[in-house]
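S.K.: This is the structure I have questions about; it appears just below.
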Amino acid sequence: MIELPEGSWWDWDVVAWDPGQLRLGAGHDLSYTHGLELVFSDPVFVTCPAAFQDPVFREPTPDEVRLVARQVGETPPVLVAFEADAGGPSLASGLVAAGQLDIVQGTVFRYWRENLTLGERLAPWVRPPV
């Protein structure tokens with residue numbers, strides 16, 4: 001089960017996803033910044049809405065553990081399950097299996113900004129103005 005640090009982590013989305021990493025960002029409003037990231041290294045199985053609100057993280061069910069083990073050939077070191085509001089008529093389920101999970105706090109700006117201070121950074125897609 002994930003232990004999130006204190007904070008307003010209501011709004012979530014996929015910040016970055018490539019074969020080596022899945023990065024979920026969270027905050028109280030993702031319009032300009034987010035303050036928390038769940039960084040899954042070496043993701044091998046992912047079922048996750050692109051954007052969601054108010055997730056409830058839980059232990060994976062035995063069926064979910066078997067599903068992942070059958071798909072990837074083993075049970076990975078990290079297996080995270082959750083339910084969240086993804087805008088549909090019922091809650092969406094999420095399941096992420098990975099080699100490692102890091103919880104990273106700090107302000108991440110979703111727009112160009114100069115003169116970042118310690119603990120601040122830019123989202124991966126932000127580029128300086130031309």
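The values are calculated or read from the model by the stated rules, or taken from the named source; none is laboratory data. No experiment lies behind these values; they were computed from the predicted model shown. Note: ideal-geometry Cβ built from the backbone for every residue, glycine included; neighbour counts use all protein chains shown.
S.K.: Determine which member of the set E6, E74, E59, E64 is charged (D, E, K, R) and crowded, with 16+ Cβ neighbours inside 10 Å.
M.R.: E64
S.K.: Could you say which residue among P43, P76, P60 is within 18 Å of V15 (Cα to Cα) and touching a residue at least 24 places away in the same chain (Cβ under 8 Å)?
M.R.: P43
S.K.: Looking at G119, is it over 16 Å from Q21 (Cα atoms), at pLDDT below 95 and touching a Gly at 6+ places or on another chain (Cβ under 6 Å)?
M.R.: So G119 passes the test.
S.K.: Another one. Select from the stretch 22-38 the residues that are surrounded by fewer than 17 Cβ atoms within 10 Å (Cβ to Cβ) and not small (G, A, S) and list them in ascending order.
M.R.: Listed by number, the residues that qualify are H28, D29, Y32.
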